[in-house]
Structures are given as C-alpha cells and as structure tokens.
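Asks: What follows is a single structure, and I will ask about it in a moment.
Derivation of every value follows stated rules applied to the coordinates shown; laboratory data play no part. No experiment lies behind these values; they were computed from the predicted model shown. Positions of Cβ are backbone-derived with ideal geometry, glycine not excepted, and every protein chain shown enters the neighbour counts.
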Amino acid sequence: MLLVEGEQDKRVIPELIEANQIVWEVEGKPIVWIDAVGGYEILADPDTIATELAASQLQALGIIIDADNHPSRRWQSIRQSALKSIPDLPEDLPETGLIHVTSRDIRFGIWMMPNNQDQGILETFLSQLVPDRGMDLWNFAGTQARSAQTDHGAPYTPEQAPKAQIYTWLAWQNPPGRQLHQALTQKIFQPDHPHAHRFVTWFKALYNLS
C-alpha cells in the first residue's frame with residue numbers, strides 16, 4: 001500500500017515507475033495499491049497510519065508527502081504521527097528516504113518530495129526531470145510565470161510558483177497542455193533522469209521490486 005496526499009501523486013507515481021522498466025500491473029492488478037487520502041492532514045493522522053499498518057497481509061506501507069516550505073517541520077510532524085504505531089522510528093529522515101522494518105516485519109517507508117531535504121512539492125521533483133535540451137524553454141517559462149504575477153497581477157501564491165512554472169512550460173509542448181502523468185508517459189519529462197534515480201531506488205527497495 002502507498003498513501004499519497006492527492007490525485008496528482010496517484011496518477012504520476014505509476015507512470016514514473018513504469019517508465020523506469022517496472023511493470024505496474026500484473027494480471028490486471030497493480031503491484032502497489034495507491035490511496036490518495038485527500039490532503040496532508042488526513043494522511044498524517046495517527047489513526048490513518050495505524051489503521052493501514054493493522055491491515056491483514058500487509059507487507060509494506062509507503063507514505064509520500066510534500067515538504068512544502070518547511071522540510072524539517074514536516075518531517076517531525078509525520079514522524080510524530082507514526083510514532084503511535086512505530087515507536088522506534090529514527091529521529092532523522094535519510095537523504096535516500098526512510099525504510100524501516102516494524103516489529104511485525106512490515107516495511108514502512110516515507111519519501112518527502114522533492115528529495116527528503118529541500119522545500120518543495122511534487123512539481124518541484126518533476127521540474128528536475130526536464131530534459132537538458134529543454135532547459136532554455138523551462139527557464140523562459142519561469143520568467144514568464146513570474147512576470148505574470150509581478151507585472152500582470154496573476155494571483156497564485158509563492159507556494160504555488162512551481163505549479164505555475166511547470167504548467168506554463170507544459171502549455172508550450174507538443175501537444176500543448178499535457179497533464180503531469182501524461183507528460184511522463186509521452187517523455188516530455190525525462191523519467192529516467194538521474195534526479196529520478198534516488199526515488200525509484202527507494203520505491204523498489206520498499207516494495208521489494210527487482
């Protein structure tokens with residue numbers, strides 16, 4: 001089982017994993033069930049984590065969250081929530097993502113977007129998968145998104161800046177306006193980019209995938 005904050009994560013993760021040579025569905029069933037719980041507050045509820053860990057036949061439970069603007073604060077928040085069920089969690093989040101084996105021999109993992117250290121969100125992670133050949137256009141999209149705000153009153157918040165840039169950039173692709181998961185499937189992003197490797201490695205280790 002994998003718990004994520006929202007529907008974008010639920011759509012993006014399978015495409016990213018499959019683009020890295022891992023078959024996502026076997027005999028019509030996904031290799032990992034993903035539940036988009038509807039926001040960080042629900043995901044970080046101690047009862048949410050405890051309920052999932054208590055599921056019969058569970059072998060591995062993963063949680064993907066956004067760091068937002070305060071990575072350290074967000075890690076301490078999710079750790080505190082999980083301590084109710086897993087009292088021996090480490091104090092620090094590894095750079096490579098958390099994988100911890102519980103007393104019931106369940107693999108429990110946490111990945112904090114974009115890279116377990118820096119502030120950001122899912123879109124910040126995906127921005128690191130822009131192909132090198134597309135960086136000029138990517139940087140121009142950032143300039144235009146900022147201009148839309150400073151010169152023309154675009155009302156997006158500073159926290160939403162990664163979304164503004166990435167969707168501006170996607171609007172200029174061929175075909176224009178692909179959704180994030182579609183952009184992975186169609187290789188508008190580079191899903192095997194070195195920046196994706198650490199996340200894919202964490203995912204494979206957590207779910208025991210070859």
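Asks: What translational diffusion coefficient, to the nearest whole µm²/s, does segment 1-105 have by Stokes-Einstein, given a Kirkwood radius computed over alpha-carbon pairs, a temperature of 25 °C and 0.890 mPa s viscosity? The partial results should precede the final answer.
Replies: Values: Rh = 14.8 Å.
D, rounded to a whole number, is 166 µm²/s.
Asks: Taking the Cα centre of segment 14-97 as origin and charging only Cβ (+1 Lys, Arg; -1 Asp, Glu), how large is the dipole, in debye to the nearest 20? Can you show the working numbers first?
Replies: Numbers: 5 positive and 15 negative charges, 39 e Å.
Computed about the Cα centre, the dipole is about 180 debye.
Asks: Where does the chain land on the Kirkwood hydrodynamic radius, alpha-carbon pairs, in angstrom?
Replies: One over the average 1/r among Cα pairs gives 18.0 Å for the chain.
Asks: Toward the positive end of the charge dipole of segment 130-185, about the Cα centre and with charges on Cβ (Lys, Arg +1; Asp, Glu -1), which of 162, 177, 130 goes farthest?
Replies: Value computed over the given set: 177.
Asks: I need to check one value: relative contact order of the chain, counting alpha carbon pairs closer than 8 Å and at least 6 residues apart, in percent. Walk me through the numbers before you get to the answer.
Replies: Details: 284 pairs, mean separation 49.5, N = 210.
The normalised contact order for the chain reaches 24 percent.
Asks: Between residue 209 and residue 35, with labels modelled 7 Å along Cα→Cβ, what's the label distance in nm to one decimal, could you check?
Replies: Rounded to a tenth, the inter-label distance reads 2.0 nm.
Asks: Specify the angular offset, from 0 to 90 degrees and rounded to the nearest 10, of the alpha carbon long axis of helix 161-171 from the longest principal axis of the alpha carbons in the chain.
Replies: Taking the Cα atoms of the chain, the angle to 161-171 is about 60 degrees.
Asks: Compute the helix-to-body angle for 194-206: its Cα long axis versus the longest principal axis of the chain, expressed 0 to 90° and rounded to tens.
Replies: 20
Asks: Please state the Cα pair-distance histogram of segment 130-185 with 5 angstrom bins from zero: what percent is in each bin?
Replies: 4, 19, 28, 25, 15, 7, 1
Asks: I would also like to ask the following. Give, as a single signed number, the net charge of other residues whose beta carbon lies under 13 Å from the beta carbon of residue 75, with Lys and Arg counted +1 and Asp and Glu -1. Intermediate results must be reported in sequence, preceding the final value.
Replies: Values: positive: 73, 74, 79; negative: 66, 68, 91, 92, 95, 118.
Summing Lys/Arg as +1 and Asp/Glu as -1 gives -3.
Asks: Still on this structure, please answer the following. In deg cm²/dmol and to the nearest 500, what is the mean residue ellipticity at 222 nm of the chain if only DSSP H runs of at least 4 residues count, each as -39500 (n - 2.57), divided by the residue total?
Replies: On the way: 9 runs with 89 residues, N = 210.
My calculation for the chain gives -12500 deg cm²/dmol from helical runs alone.
Asks: What percent does the relative contact order of segment 130-185 come to when contacts are Cα pairs within less than 8 Å and at least six residues apart? Present the calculation step by step, with values, prior to reporting the outcome.
Replies: Numbers: 27 pairs, mean separation 16.7, N = 56.
Result for segment 130-185 is 30 percent.
Asks: Same structure, new question: Give me the percent of DSSP beta bridges within the chain that run antiparallel, rounded to the nearest 5. Each step should come with its number before you reach the end.
Replies: Working: 7 of 20 bridges.
Roughly 35 percent of the DSSP beta bridges within the chain come out antiparallel.
Asks: May I ask for the equivalent-ellipsoid semi-axes of segment 1-53, computed as the square root of five times each C-alpha gyration tensor eigenvalue and listed largest first in whole Å? Walk me through the intermediate numbers first.
Replies: Details: eigenvalues 109, 33, 11 Å².
Semi-axes (√(5λ), whole Å): 23, 13, 8.
Asks: Taking the number of other C-beta atoms within 10 Å as the exposure measure, put 33, 172, 111 in order starting with the fewest. Please report the intermediate quantities before stating the final value.
Replies: Values: 33 9, 172 14, 111 25.
Ranked by crowding around the Cβ, least crowded first: 33, 172, 111.
Asks: To the nearest 10 degrees, how steeply does helix 7-19 sit against the main Cα axis of the chain, on a 0 to 90 scale?
Replies: In the chain, helix 7-19 runs at an angle near 90 degrees to the longest axis.
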